[in-house]
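Step one of this worksheet: look at the structure below.
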Amino acid sequence: MKLQIKVDDATGKIVDACFKTFGCGSAIASSSVATEWVKGKHMEEVLSIKNTEIAKHLSLPPVKLHCSMLAEDAIKAAVKDYEAKKAKLAAGNAETTQTEKVASA
């Protein structure tokens, strides 16, 4: 299960989300609900989405609870990936600025 998010850097809100899931109907439904629930929310808000909420919303039987856990994990992974890329970009910009200062000295 893979979840991709598009974030408005100015507001910190998730403006779009999509998923790729190979699995049963419960896994696909859990992914779909996750994408709908994260849209329009701040990064901090989406981290509070729990698998139990997804499972309850979809009325998943106990044997399919792992599908909702995958969706929760995918949300956390998408946020972690976004923040890692943002930090890497910021570090790259800081390095470029320092290089420019050295070059101009």
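Each reported figure results from applying straightforward, stated rules to the coordinates on display, with no laboratory input. Everything quoted here is computed from the prediction, not taken from an experiment. Using ideal geometry, Cβ is built from the backbone for each residue, glycine included, and neighbour counts are taken over all protein chains shown.
At-a-glance table
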| read-out | value |
| --- | --- |
| Least to most buried among Leu60, Leu65, Leu3 (fewest other Cβ within 10 Å first) | Leu65, Leu60, Leu3 |
| Karplus (6.51, -1.76, 1.60) ³J(HN,Hα), θ = phi - 60°, over the stretch 32-40, in Hz, Gly and Pro reported as x | 4, 4, 4, 5, 5, 6, 7, 4, x |
| Helix axis angle, 65-104 relative to the chain longest principal axis, alpha carbon, degrees | 0 |
| Residue-wise HN-Hα coupling along the stretch 10-24, computed from phi with Karplus coefficients 6.51, -1.76, 1.60 (Hz; x: Gly, Pro) | 5, 9, x, 8, 7, 9, 7, 8, 9, 9, 9, 9, 10, x, 6 |
| For the chain, built as a Gaussian network whose Cα springs stay under 10 Å, the top-fluctuating residue of Lys39, Lys50, Lys86 | Lys86 |
| Convex hull of the stretch 2-104 built on C-alpha atoms - directionally averaged projected area, nm² | 7.4 |
| Cα lying deepest toward the dipole's positive end in the chain, options Ile14, Tyr82, Ser30, charges on Cβ | Ser30 |
| Cβ-defined net charge surrounding Lys50, 12 Å radius [Lys, Arg +1; Asp, Glu -1] | -1 |
| Pairs beyond 22 Å (Cα-Cα), from Lys13/Lys85; Lys50/Lys88; Lys39/Lys86 | Lys50/Lys88 |
